[in-house]
1. Enumerate the amide H contacts of Val7 below 5 Å, restricted to partners 5 or more residues apart or on another chain; note that Pro and chain-start residues carry no placed amide H.
2. Run lengths n ≥ 4 of DSSP H only: what is the helix-derived mean residue ellipticity at 222 nm for the chain, with -39500 (n - 2.57) per run over all residues, to the nearest 500?
3. Would you please put 214-222, 279-287, 67-75, 413-421 in order of how densely packed they are, using the mean number of other Cβ atoms within 10 angstrom per residue and starting with the highest?
4. Taking the Cα centre of the chain as the origin, how large is its charge dipole in debye, to the nearest 20, when only Lys and Arg (+1) and Asp and Glu (-1) carry charge on their Cβ atoms?
5. Where is the GNM fluctuation largest for the chain (alpha-carbon springs, 10 angstrom cutoff): Ala250, Ala183, Ala379?
6. State to the nearest 20 debye the size of the charge dipole of the stretch 56-114 about its Cα centre, where the only charges are +1 on K and R beta carbons and -1 on D and E beta carbons.
7. Could you give the size of the charge dipole of the stretch 50-161 about its Cα centre, using +1 on the Cβ of each K and R and -1 on the Cβ of each D and E, expressed in debye and rounded to the nearest 20?
8. Can you order the peptides 298-309, 235-246 by their average number of other Cβ atoms within 10 Å per residue, highest first?
Amino acid sequence: MPTVSFVVIAYNVERYIADCLQSLQNQTNPDFEVVVVDDASTDSTKSVIESAIQNDSRFSLIAKDKNEGAHLARRTGVSHATGKYVVFVDGDDRLQDTACEVLSSYASGRNFDILRFGRTVVPHGSANQDTALQEERSFNLHTEDMHGEDVLRSVFSEDFGTRNTWSLIDCMFDGEFVRSGFAATYDEPLGRMQDSYEFFVLASRAKTMRFFMEYRGLRYNLGAGVSGSGLETLQKFEHGHTGIHSSMNAVLRYAADSGDDNMTRCAQWYRHVVLGIVGREWVMRLTETDQIAGMRSLRRVWGDENTAYMLLDPLTARAQWFVDHDAVPSDADPYRRWLTLLNSLDLNGISDTVIQQRVNGFLALKGKLDKHEFEIKQAKIAEQQERYRQQLQLEEQRRVLKTGTPIRRVVDAVFPEGSERRNLLRRAAHRILHR
């Protein structure tokens, strides 16, 4: 039995897979095996794998003839892993050359089901260095070891303040534990965020999770796969959020099947997190035009109640910005468009108390913004009326200067300017005024 089994999942990663496998061949501790699962790639990934491992007996390739997603690929791979410990590797990432040596040495003599280690994040594609550093900080949080129900709660709740991630690829698992854990997962394809379901199952069964964050054993290529940011097509967005929906439902179903209160509470917390993630992606990844079609797609898959929750995050944040900055949204502002979409949803009889609270909170904030907008409009109307009054007054003054008052016009007619009578009148007026 090898000390470590590396289970590599690969799908259309021809650009990265050779580097990934090379990082495993370079391990300073040779006591390992590598199980590579090609999930029916349509590019040259499979041939690159075959070429890279052909002379290394520690490597084996499972080439699937049908693409079924990362969950079933990982499930297949771990069922063939025989090591004392198991480490999952994505085909577009790589491990440090010392990973097998350092992790197995640290694990020796320590009892755990899950051992989380650190990662270095490298930006690719649309990802930038600032985003990579932010992601790196979030994945390398130091925390105390967790035991029992706290393992699940440390990832799927905010009970401990800082939350651990549900990522599988920066963990070493006890071999027997992870094999039995994956055997307990659903034998069905899942879409994006399938690792959250897998980690939920494993964390719910774990007795101990330890942390070795000072060792950055994973080199994670941000933006190489589905990670990163930037606009995407409506079709890709629909495929992504539909896959996330399947993974979320798997978590909810697994928790419901267990009948465990802690799992049920954690699953509901996770559901709200997922809704927020999908809502942010709808805002960031779709153009203004595609957002409207994307909202129809969200309603069809998730229903009005969940879709409302997705909209409430950006709407609330935008409304709060206007209130804080003593401003009002223009007709072209996204706030107007998002509010129209929210108003198109059926929000009667919301069953989720958290969503109802969010709706009530937004409506209260919207009331403040509406009042503020009304006051600003009234002030502008009053200002316009005052400017109009002043304009009329100025025009009257100009007219008087030009044509004179009615009395002045009579005097000018009876006593023409320059006449003797006009001069006599002026002298008489002068004597009267200076008595």
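Readers should treat all values here as calculations from the given coordinates under stated rules, not as data from a laboratory. What you are looking at is a predicted structure, and each value in this text was computed from that prediction instead of being measured. Heads up, the Cβs are rebuilt from the backbone with ideal geometry, glycines too, and the neighbour counts pull from every protein chain shown.
1. Excluding prolines and chain starts, which carry no amide H, the hits are Val35, Val87, Phe88, Val89.
2. So the calculated ellipticity at 222 nm is -19000 deg cm²/dmol.
3. Taking the mean over residues of other Cβ atoms within 10 Å, the ranking is 67-75, 214-222, 279-287, 413-421.
4. Roughly 3620 debye for the chain.
5. Ala379
6. Dipole magnitude for the stretch 56-114 comes out near 240 debye.
7. Dipole of the stretch 50-161, to the nearest 20 debye: 380 debye.
8. 298-309, 235-246
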